[in-house]
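Coordinate-derived values only; no laboratory data. Not measured: the values here are computed from a predicted model. Here the Cβ is made from the backbone with ideal geometry for all residues, glycine too, and neighbour counts use every protein chain on show.
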Amino acid sequence: MAQTVFITGSTSGIGEASARRFAAAGSRLILNGRNEGKLQSLKAEIEVQYATEILLLTFDVRDRQAAKEAIDGIPPQWQAIDVLVNNAGLVLGTDREHEGDLAEWDIVIDTNIKGLLNITRLVTPLMVKRNSGHIINIGSIAGDAAYAGGSVYCATKAAVKALSDGLRIDLADTPIRVTNIKPGLVETNFSVTRFHGDRARADAVYKGIKPLTGEDVAETIFFVASAPEHVQIAEILIMPTCQASATVVHRNIKQ
Ligand code: NDP
Ligand code: 8X3
């Protein structure tokens, strides 16, 4: 698969694993993130390991102006973007809806919904112009059902489902595909961020279970991107085997 793949939030977890997975298949990468140092070292590492080239776009997906300048400035030879992985996202805290921190919720909503829209709005027209492309949004099992202390995050991921479905409808008269990947528990930096850097609390989320890894989800993203052009995988719900729903998880913990 020799394609150009644009991944947001590629400095950690699912985004970073996806960068490596597509590079291993010979794709060239446009990698977005906020941490210039991490992006530079990822680029150096991947370019040594795989026969590929990488363009870095350092900006916060919430910053509409920075996103526009970066994407408008993509050199012509990189503008034929085949796959967009809208991955950048986060959750902060586990507050109940009537008690939560409005400033934190602004960050979560602005990143997971408006940030994703910012990138979709800038990249999809390039695909429409070429009559080719695939937008892969990273939703979540959290978008299917709310859980305690997660309502705002769950709402953002329900929005990702609606935005994916709507975009698929709007692009139905084109060959452009839209996929919503909905992972369950994946052990990345996600819970460390949720618990404001408290690693012990983050580790407890995955205690007694074998969670998905970023690589597991990356493999699924790669799979949907590799389907024949007439095959549009609209959604995938992927969970670790110990998980049955957003709230039912079997743990092997000795008392
Ligand atoms: P990580 O925290 O490991 O990675 C998140 C990535 O998104 C980081 O590179 C982070 O960069 C980046 N990011 C966050 N905010 C922004 C922003 N405003 N602009 C640009 N980049 C940003 O978590 P995951 O890999 O697990 O998360 C990736 C996606 O998967 C998210 O959308 C998440 O909601 C979703 N997801 C995760 C699940 C899980 O259990 N882990 C399950 C279901 C879905 P930085 O380091 O700068 O913050
Ligand atoms: C992340 C999965 O269940 O921790 O989207 O919210 S969950």
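When Rg is the radius of gyration of the Cα atoms in segment 4-238 and Rh is its Kirkwood radius, what does Rg/Rh come to?
Working: Rg = 17.0 Å, Rh = 17.9 Å.
On the Cα set of segment 4-238, Rg over Rh gives 0.95.
If you fit an axis through the alpha-carbon atoms of helix 116-130 and take the longest principal axis of the Cα set of the chain, what angle between them do you get, 0 to 90°, nearest 10?
It is inclined by approximately 30 degrees.
With labels modelled as points extended 7 Å from the Cα through the Cβ direction, what inter-label distance (nm, one decimal) is found for residue 198 paired with residue 229?
5.2
Using Cα atoms only, what is the angle between the long axis of helix 214-226 and the major principal axis of the chain, expressed in degrees (0 to 90) to the nearest 10?
It works out to around 40 degrees.
Round to the nearest 0.05 the FRET efficiency obtained for residue 79 and residue 241 when R0 = 35 Å and r is the Cβ-Cβ distance. Let's see the in-between values first.
Values: r = 41 Å, r/R0 = 1.18.
Using R0 = 35 Å, I get an efficiency of 0.25.
Segment 111-255: Rg/Rh from Cα coordinates, Kirkwood Rh? Before the final figure, lay out each step's value.
Numbers: Rg = 16.7 Å, Rh = 16.5 Å.
Rg/Rh for segment 111-255 comes to 1.01.
To the nearest 0.05, how large is the calculated FRET efficiency for residue 131 and residue 47 if R₀ is 30 Å and r is the Cβ-Cβ distance? Don't jump to the answer; show the numbers that get you there.
Details: r = 30 Å, r/R0 = 1.01.
Efficiency, from the Cβ-Cβ distance: 0.50.
Starting with the fewest neighbours, write out 127, 239 ranked by other beta-carbon atoms found within 10 Å of each beta-carbon.
Working: 127 22, 239 19.
Ranking 127, 239 by Cβ neighbours within 10 Å, fewest first, gives 239, 127.
In a Gaussian network model over the chain where Cα atoms closer than 10 Å are linked, find which of 163, 171, 102 has the largest mean-square fluctuation.
Checking each option, the largest mean-square fluctuation is seen for 102.
Which of the lysines could a cross-linker span from residue 68 if the Cα-Cα distance has to be under 21 Å and same-chain partners fewer than 8 positions apart are dropped?
The qualifying lysines are 114, 129.
Using the Cβ atoms and a cut-off under 11 Å, what net charge is assigned to the surroundings of residue 156, where Lys and Arg are +1 and Asp and Glu are -1?
Values: positive: 114, 157, 161; negative: 110.
Spelling it out: positives minus negatives among the neighbours equals +2.
Quick one: of the DSSP bridges fully inside the chain, what percent are antiparallel, nearest 5?
Numbers: 1 of 28 bridges.
The answer is about 5 percent antiparallel.
Can you tell me the 0 to 90 degree angle between the C-alpha axis of helix 151-170 and the longest principal axis of the chain, rounded to 10?
Value to nearest ten degrees: 30.
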